[in-house]
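Every read-out reported here was derived from the displayed coordinates using simple, explicitly stated rules and does not represent laboratory data. Keep in mind the model is a prediction, meaning the values are calculated, not measured. Reconstructed Cβ throughout: ideal geometry from the backbone, glycine too, with neighbour counts over all protein chains shown.
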Amino acid sequence: MRVVRLPDSAGVELDPTGKRAGRGAYVCVSDACLTLAFKKGGLARTLKCKVPASLEADIRAHVATLQAVSVNATDDVSA
């Protein structure tokens, strides 16, 4: 999952397309990786800025949506 620091210090956002301009970082979507990226400060260190706490919830919600879509797609193929 790509996270990007927007130009001109305009913030940090999730980048599901991987095409947004700005300094980007890829984060593994496993629960353990996400926890470390936020709790240990690895994501903030990589992006060289403060990362809002709300971004963790946004990423987890996006991952849950992707997993639900993946499960539904698998069910449709199986039927």
Fill in the blank from the handout: Within the chain, the cysteines whose Cβ lies no closer than 4.7 Å to any other cysteine Cβ are 49
Problem - Residues 58, 15, 31 arranged by fewest to most Cβ contacts within 10 Å - result: 31, 58, 15
Exercise for the section: Rounded to whole Å and sorted largest first, list the principal axis extents of the Cα atoms in the chain. Expected result: 49, 25, 17
Fill in the blank from the handout: With the 8 Å Cα cutoff and a minimum separation of six or more residues, the chain has a relative contact order in percent of 24
Exercise for the section: Please report, in debye to the nearest 20, how large the charge dipole of the chain is about its Cα centre when each Lys and Arg carries +1 at its beta carbon and each Asp and Glu carries -1 there. Expected result: 580
